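> This structure is in structure tokens; I'll ask about it shortly.
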Amino acid sequence: MKFLRDIKRNPGLYIIMIPVLAFFIIFAYVPMFGIVMAFQNYTPKGGFFHSEFVGLKHFIDFFGSVYFGRTIGNTLAISILNLVFGFPIPIIFALMLNEVGNKYFKKTIQTVSYLPYFISVVVVCGLIADFTASDGLVTELIVALGGERMNYLGQAQFFRPIYILSDMWQGIGFNSIIYLAALSGIDQELYEAAALDGAGRWRQTLHVTLPGIASTVIILLILRMGSMFSVGYEKIILLYNTNTYETADVISSYVYRMGLQNMNYSYSAAVGLFNSVINTALLVISNKISAKFSDTSLF
Amino acid sequence: MFLVILYILLGIMGLIFIVPVWHVVMASFSEARLLASNTGVVLLPLGTPSIGGYKIVLTAPGIISGYGNTAFYVIVGTVISMLLTIMGAYALSRKGFEYRNVFMLILSFTMLFNGGMIPTYMVVRNLGLYNSRWAVIIPSAISVFNLIILRTAFQEVPASLEESAKLDGANEFTIMFRIIVPLAKASIAVVVLYYAVGIWNSWFPAMIYLKDRDKFPLQLILRETLLVNDSSMIASSADAQNATNLDRKLVKYCTIVVGTLPIMCFYPFIQKYFTKGVMIGAVKG
């Protein structure tokens, strides 16, 4: 009744909400219901309602297959490497920029550092493929430094370094924005007070700058942890090939390949559901923790 | 001493960001023959600067239609996305809307959990959107993240403005588009850019939902040329049959430049709003 009264009071708002709600029902909640296909032998003809029910068969198949360990291992390896190398670099970059006195130099480096972020993922992957080919720019550099000449993207042991380094190249500048903002928010008087107490540049960094950005760093770190199991498929699909599956194939790219290339709809929906459940759990946990550390949380 | 090292390190980082891009641009104006046998960085066009590569790229089928399609997807997609997002954000920002938190929960939950790639694909197919241009636009029309950005901005508009408009007999649509939206211009601009850049970069939905090449967005065409090693583009150009391998590299670089140029033209503008967006997003969380 209360609901009807609210409709009566705000008819315009409810009319405005109809298309928005319709969107979320059709493209978010119906697919959620569509997860039943993970427990079926889905056929396009049978649809969600009339396909044969097979229970946990697909999950058992996945857990028993060689791909279970491999895709989880690759997902975690890429996530962790990306965290270990990709997370601190923007912070260091921001700290370095912060020490620069020359305004124009700082501005130039900053502007240039955002540049790679605006190149589309397809083009970035095109650049990677070109530069790491046997006559590519990066390969030439490696050869000049005494390395071997080969097509690096085609080698399983080089996939992860290439993936991580190119991610760093694209993201350093953009990811440093938030730290630069945190840095500019630090009270200048703190530096003056520290200088009066005889603190040099290093001690100022240690005792004023780092504590000043610590909360930002902690929150971003916790939120990063929440997406540990969700390595995006786009860049993986663009870069991997049969030679590099063993180090490159992550859960989401496996879902794509099984489902949309090999048409094992139900099986890959099951793998996708498994991944979603872990992702959701991690997100909830990381948000709980982040809410504890600060007022910042996603929901 | 410390400062010298700092400047040198930052300078090197700057070069790492810019040199690959510079190399591509300069190489794209080079002579195909010299480029094919070149090793190392191209700092200036090799041989006489030429636009031969661009002639091949721009006359090849695909790039032009890809551009046209992408323009359509970006413009129509952004308009639809903005309309829906503004509507949702507006309704959910009204304090008099008693059930707004329930609806917000329904929307936010989709950020946390979703059906996944395969069930979503099936739903889009069952709706008859397979091989339709709408499949690229509609299923990803609203981003909850962007909706929250706008909702926050709309909440900050003083309620007194809305009340006086209501007294004057304005309906919700008038209030939304005449009062609230103009007062939240900065956030609107940020969200427009997020959507537009997102659609510009998008290729995956087009790859899985579209069959006809003449509907492909630019990014999908770029992928064929740059990553799938499809030489049909070069082979189909009139006089290049025997020069295929010679031209391959040049065509690649020209394709990259042609495919990245528009976003780079908007880059200074975009950069400003993107950095602003990062801050809005950060405040929201």
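> In Å³ and rounded to a whole number, note down the convex hull volume per residue for the Cα atoms of chain B.
Cα-based convex hull of chain B, divided per residue, equals 188 Å³.
> What are the membrane-span-like helices in chain B by this rule: whole DSSP H runs, Cα extent along the axis at least 30 Å, mean Kyte-Doolittle hydropathy at least -1.0?
The qualifying helices are B:2-28, B:63-93, B:244-265.
> For the range B:1-120, what value does the Rg/Rh ratio take when both radii are computed over Cα atoms and Rh is the Kirkwood radius, given to two decimals?
We get a ratio of 1.24 for the range B:1-120.
> For the pairs A:LYS2/B:LYS95; B:LYS95/B:LYS276; A:LYS106/B:LYS185; B:LYS215/B:LYS252; B:LYS185/B:LYS272; B:LYS95/B:LYS166, flag any whose C-alpha to C-alpha distance is greater than 20 Å.
Pairs exceeding the cut-off: B:LYS95/B:LYS276; A:LYS106/B:LYS185; B:LYS215/B:LYS252.
> Now for a separate question. Equivalent ellipsoid semi-axes for the range B:58-189, as square roots of 5 times the alpha carbon gyration tensor eigenvalues: give them largest first, rounded to whole Å.
They are 34, 21, 12 Å, listed largest first.
> Determine the shielding of peptide B:101-109 by partner chains: average, over its residues, the number of Cβ atoms on other chains within 10 angstrom of each Cβ.
Mean inter-chain Cβ contacts per residue within 10 Å come to 3.
> Give, in whole angstrom and from largest to smallest, the semi-axes √(5λ) of the equivalent ellipsoid of the protein assembly as shown, with λ running over the eigenvalues of the Cα gyration tensor.
The three semi-axes for the protein assembly as shown are 39, 34, 26 Å.
> May I pose another question? Taking only DSSP H segments of four or more residues, each worth -39500 (n - 2.57), what value at 222 nm results for chain B once the sum is divided by all its residues, to the nearest 500 deg cm²/dmol?
-22000 deg cm²/dmol
> While we're on this one: In what sequence, highest mean first, do B:20-31, A:144-155 appear when ranked by Cβ atoms within 10 angstrom?
My ranking of the peptides, most packed first, is B:20-31, A:144-155.
> Starting from the 7 Å offset along Cα-to-Cβ, what nm value, one decimal, do you get for the label separation of A:LEU260 and A:LEU206?
Output for this residue pair reads 5.2 nm.
> Would you list the membrane-span-like helices of chain A, meaning whole DSSP H runs whose alpha-carbon atoms span at least 27 Å along their axis and whose mean Kyte-Doolittle value is at least 0.5?
Counting only whole DSSP H runs, the qualifying helices are A:66-86, A:156-184, A:265-293.
> Taking the range B:44-89 as the region of interest, what is the percent of Cα-Cα pairs per 5 angstrom bin, listed from the shortest bin to the one with the maximum distance?
For the range B:44-89, the binned pair fractions read 5, 18, 13, 13, 11, 11, 9, 7, 6, 4, 2, 1 percent.
> Report the Cα centroid-to-centroid distance between the range A:165-187 and the range A:106-150 in angstrom, as an integer.
Taking the Cα centre of the range A:106-150 as reference, the centre of the range A:165-187 is 20 Å away.
> Also: Once each part is reduced to its C-alpha centroid, what is the distance from the range A:10-57 to the range B:140-190 in angstrom?
Value for the Cα centre distance between the two parts: 31 Å.
> Using only alpha carbon pairs under 8 Å that are at least six residues apart, calculate the relative contact order of chain A and give it in whole percent.
That works out to 25 percent.
> Also, quick follow-up: Could you give each residue of the range A:44-54 its phi-based ³J(HN,Hα) in whole Hz, using Karplus coefficients 6.51, -1.76, 1.60 with θ = phi - 60°, and x for Gly or Pro?
So the Karplus estimates, Gly and Pro as x, are x, 5, x, x, 6, 9, 10, 7, 5, 7, 10 Hz.
None of the figures in this text is laboratory data; all of them are computed from the coordinates on show. These numbers come from a predicted model, not from an experiment. Here Cβ is always computed from backbone atoms with ideal geometry, including for glycine, and neighbour counts include all displayed protein chains.
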